[in-house]
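S.K.: I'd like to ask some things about the structure below.
Taken together, the values in this text are just the output of simple stated rules run on the coordinates, not laboratory data. Source: prediction; values computed, not measured. Glycine also receives a Cβ, built like all others from the backbone with ideal geometry; neighbour counts cover every protein chain displayed.
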Amino acid sequence: MTLFYLALAAGILLGVAGQMLLKSGAGGETLLQQFLAPQSVFGLALYFAAAVFYMLALRKIPVSVAFPSVSLSYVLVALLGFWLYGEALTPSKLVGIALVCIGVFLITRSA
């Protein structure tokens, strides 16, 4: 069972990395340039890899646990956005992050 939780964690982390790469590839003047930027291409590839790991995790983890756990990616993306891109981390965002973490804890605790 640990293998499947590791696959879920890998899927979450790869999805976060893919999102950060899509953000860094977002500087193109046109949508086509943005889409073809190396960071965007690699980001999309990481999203695909994330989906593969998520599918593996779903073999043994209930979707009612796995899918809410993916919301931890929102937490990581918000923190990385603050750290890497200087995006605002307002008090309301911090409360939202705390609520997501509490929700995931409660869902996974009962699994």
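S.K.: Out of all the residues in segment 21-36, which are in contact with a Ser or Thr (Cβ under 8 Å, 6 or more places away or on another chain) and either surrounded by 17 or more Cβ atoms within 10 Å (Cβ to Cβ) or among the aliphatic types (A, V, I, L, M) (or both)?
M.R.: Leu21, Leu22, Gly25, Ala26
S.K.: Ala78 passes all but one of (1) closer than 17 Å to Leu14 by Cβ; (2) small (Gly, Ala, Ser); (3) touching a Leu at 6+ places or on another chain (Cβ under 8 Å); which number fails?
M.R.: It fails just one condition, (1).
S.K.: So if I check each of Ser64, Ser71, Ser110, which one is under 13 Å from Val16 (Cα atoms) and polar (S, T, N, Q)?
M.R.: After ruling out the rest, the residue left standing is Ser71.
S.K.: Of all residues in segment 79-89, which are surrounded by 10 or more Cβ atoms within 10 Å (Cβ to Cβ) and not aromatic (Phe, Trp, Tyr)?
M.R.: Leu79, Leu80, Gly81, Leu84, Glu87, Leu89
S.K.: OK, next. Restricting the search to segment 1-16, which residues are surrounded by fewer than 18 Cβ atoms within 10 Å (Cβ to Cβ) and assigned to a helix (DSSP H, G or I)?
M.R.: Thr2, Leu3, Phe4, Tyr5, Leu6, Ala9, Ala10, Leu13
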